[in-house]
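Since the structure comes first, as structure tokens, the remarks are kept for the end.
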Amino acid sequence: MRHLSFTYWLILALATPAVQAMVFITSDHTLAAGNAWNSSFGVQQNVFVGQSSNGSFVSGVELDIVAGASLNGDLRARGDSRTTVYGGSFTHYVNGRPRSGLGLADSSQVQLAGSTALFGVATVDDNARLIIDAGQVEGIQVRDNASARVNGGLIQSQNSFTIAEAAGARAHLELTGGRIGGIVRANGGGSVNVSGGSYATLFSYNGLIEVSGGLGARNGRLGTSAGGLGQFILYGSDFLLSNPTVTSYYDPTYWISGRGVSYVLTGTLLNGQTIRASYFEEGLALGQAPRNIAFAASPVPEPASALMFLLGLPLLGWMAGKRRV
């Protein structure tokens, strides 16, 4: 056996099922090099923060993960725990992709504060909150009453299906910086606010997307579904929809639209950024005014006023179309 090649041993190691273990962190800790719960190759070790082995939650748990930490498994935040990731290695292999999963639930909070933090898809449920200042995730799925804020870093999958999505009533995604290598989507009544960073492709399937910055200056692409279910509000000045063309919308993540009308969208966003993008509205015919997009000088400050504004979107969109198209 000692004469077998390195390739043989590599194949054998990859074919051997990973040993699974669970670590429950129920008091304040710093996860660093040398900690007993660091995991090695071949050992899948999911770390639960703020949850005990019997499934009960432990309140007030804080965890810092720093350079030198090693996690070959998922990081799962529970209860009202607070986790800050400054660095470390996260290499849980799922379907050939070396990224640990990141899952938030209950009222937990996770902040990615270091550029070495690399995770797979981050799911944010219940009333949890995710903050990304640096690092990389393969995608973001915000659901229920949860929220996520991206101030920096990169959202980029190892395939073509990169999505940052707010899906579900009261799910909210805020993008103030960073960039994405895919599509931003509002679905199921969720809302997205884009004020900075680089987010070229925005699709409002059944939700609201507000844009005051962060749209690609020359290659921005906005799309909405039929029936007024998907809505856009753009904040700034001098917006113009021109050159209507009958076409369809292709979203490689999951949706190919029916026929609709595409426009060239120009104007200046609230942050001073001049844009030349495309806007597509499914179900629209030539000669009809756009129904799913509206323009305003600045965001509506009060929630009650914002609700009234949203209810008036179809009318505002019609008025904008009459003035600009």
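Here is the figure for segment 236-262: residues that are farther than 30 Å from Ser157 by Cα, touching a residue at least 40 places away in the same chain (Cβ under 8 Å), out of contact with any helix residue (DSSP H, G or I) (no Cβ under 9 Å at 6 or more places or on another chain) and not β-branched (Val, Ile, Thr) total 3. Residues satisfying the criterion are absent from segment 110-129 (criterion: buried (at least 20 other Cβ atoms within 10 Å of the Cβ) and of a type in the set (Asp, Glu)).
Yes or no, residue by residue, for (1) assigned to a loop (DSSP other than H, G, I, E, B); (2) within 22 Å of the chain's Cα centre (by Cα):
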{"residue": "Gly55", "(1), (2)": "yes, no"}
{"residue": "Gly60", "(1), (2)": "yes, no"}
{"residue": "Gly68", "(1), (2)": "yes, no"}
{"residue": "Gly101", "(1), (2)": "no, yes"}
{"residue": "Asp106", "(1), (2)": "yes, yes"}
{"residue": "Val110", "(1), (2)": "no, yes"}
{"residue": "Thr116", "(1), (2)": "yes, yes"}
{"residue": "Gly120", "(1), (2)": "no, yes"}
{"residue": "Thr123", "(1), (2)": "no, yes"}
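Residues in segment 219-259 that are farther than 21 Å from Leu284 by Cβ and touching a strand residue (DSSP E or B) at 6+ places or on another chain (Cβ under 6 Å): Tyr235, Gly236, Ser237, Asp238, Thr253. Taken over segment 133-144, residues that are farther than 17 Å from Arg76 by Cβ and outside any loop (DSSP other than H, G, I, E, B) amount to 1.
Selection within segment 179-194: residues that are closer than 16 Å to Arg129 by Cβ and of a type outside the set (S, T, N, Q). The member of this set that is surrounded by the fewest Cβ atoms within 10 Å (Cβ to Cβ) is Gly190. Among the residues making up segment 41-70, those that are among the small types (Gly, Ala, Ser), out of contact with any Lys or Arg (no Cβ under 6 Å at 6 or more places or on another chain) and at pLDDT 90 or above are Ser52, Ser53, Gly55, Ser56, Ser59, Gly60. Across segment 201-231, the qualifying residues are those that are touching a residue at least 60 places away in the same chain (Cβ under 8 Å) and under 15 Å from Val264 (Cβ atoms), and the one among them that is surrounded by the most Cβ atoms within 10 Å (Cβ to Cβ) is Leu222.
When the criteria are applied in full, Ala277 fails the requirement of being over 24 Å from the mean Cα position of the chain (by Cα), within 17 Å of Val194 (Cα to Cα) and touching a residue at least 40 places away in the same chain (Cβ under 8 Å).
The residues on offer are Val150, Val137, and the sole one that is modelled with pLDDT under 95 and under 24 Å from Thr84 (Cα atoms) is Val137.
The values are calculated or read from the model by the stated rules, or taken from the named source; none is laboratory data. This structure is a prediction, so every number in the text was calculated from the model and none was measured. Positions of Cβ are generated from backbone atoms using ideal geometry, with glycine treated the same way; all protein chains shown enter the neighbour counts.
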